[in-house]
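Please treat every number below as a calculation from the coordinates, not as lab data. Treat the numbers as computed from the prediction; the structure is a model and nothing was measured. A quick note on method: Cβ atoms are made from the backbone with ideal geometry, for glycine too, and the neighbour counts reach across all protein chains shown.
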């Protein structure tokens with residue numbers, strides 16, 4: 001049986017689109033069951049609806065960047081009503097906290113545009129350029145109570161060029177995000193991810 005994904009989004013939905021494409025092309029043993037956004041105008045909702053996927057705006061109830069209270073309960077209830085096996089944050093611009101994290105313990109992933117643990121939080125690409133690094137990248141990790149601090153699942157490295165802007169670096173990183181996020185979900189769906197001592201171990205297929 002295919003793994004059911006619940007996706008939380010806030011913006012244009014490029015990672016959501018990549019996840020949907022991989023799932024419908026059988027490259028991933030999972031399917032998107034529902035898409036939720038804290039922004040009515042998020043284009044990601046339109047992407048989902050065009051693909052026939054149930055999509056909802058769920059009010060954050062306030063301007064607090066942390067998802068709490070009634071809003072948090074609403075997100076949990078909708079995800080549970082759709083029997084999702086995994087929750088994927090894909091450009092979701094709210095901080096999730098203990099209640100929803102515990103509800104989906106080790107079943108919630110995030111994609112971040114840096115090589116964690118470097119450059120956590122907002123504007124990671126700008127942080128990388130300001131620091132003068134020669135390599136940047138993307139990280140898929142499990143979500144814990146520490147923002148961008150959960151166990152790392154997969155990473156991808158991209159070079160940083162001297163003439164890079166925040167936009168050009170972001171575009172190069174985004175290509176890798178679209179590659180590794182579906183791969184991480186597929187590993188989860190096939191029960192190949194094990195967590196021990198806050199580290200993720202990937203079980204290889206026999207003979208590899």
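According to a simple spin-label model (label point 7 Å from Cα along Cα-to-Cβ), what is the distance in nm between residue 66 and residue 199?
Result for the modelled spin labels: 3.2 nm.
Can you sort 118, 37 by how many other beta carbons sit within 10 Å, fewest first?
Fewest-to-most Cβ neighbours within 10 Å comes out as 118, 37.
Taking neighbour Cβ counts within 10 Å as the exposure measure, how do 24, 144 sort from fewest upward?
By the 10 Å Cβ count, ascending: 24, 144.
Using alpha carbon centroids, what distance separates the range 35-107 and the range 127-201, in Å?
21 Å
Only one of the values (i) 57, 37, 35; (ii) 49, 48, 36; (iii) 49, 32, 31 was calculated from this structure for Cα extents along the principal axes in Å; name its label.
Computing Cα extents along the principal axes in Å and matching it to (i) 57, 37, 35; (ii) 49, 48, 36; (iii) 49, 32, 31 gives (ii).
Rg (Å, one decimal) plus Dmax (Å, integer) for the alpha carbons of the range 1-98?
Considering the range 1-98 through its Cα atoms, Rg and Dmax are 12.8, 39 Å.
For every helix of n ≥ 4 consecutive DSSP H residues, a contribution of -39,500 (n - 2.57) applies; sum these over the chain, divide by its total residues, and give [θ] at 222 nm rounded to the nearest 500 deg cm²/dmol.
Numbers: 6 runs with 70 residues, N = 208.
After summing the helix terms and dividing by residue count, I get -10500 deg cm²/dmol.
With an 8 Å cut-off on Cα pairs and a minimum separation of 6 or more residues, tell me the relative contact order of the range 3-202 in percent.
Computed over the range 3-202, the figure is 20 percent.
Express in nm, to one decimal, how much length is gained between residue 102 and residue 29 on full extension, taking 0.36 nm for each residue of separation and deducting their alpha carbon distance.
Here the segment from residue 102 to residue 29 would lengthen by 23.8 nm.
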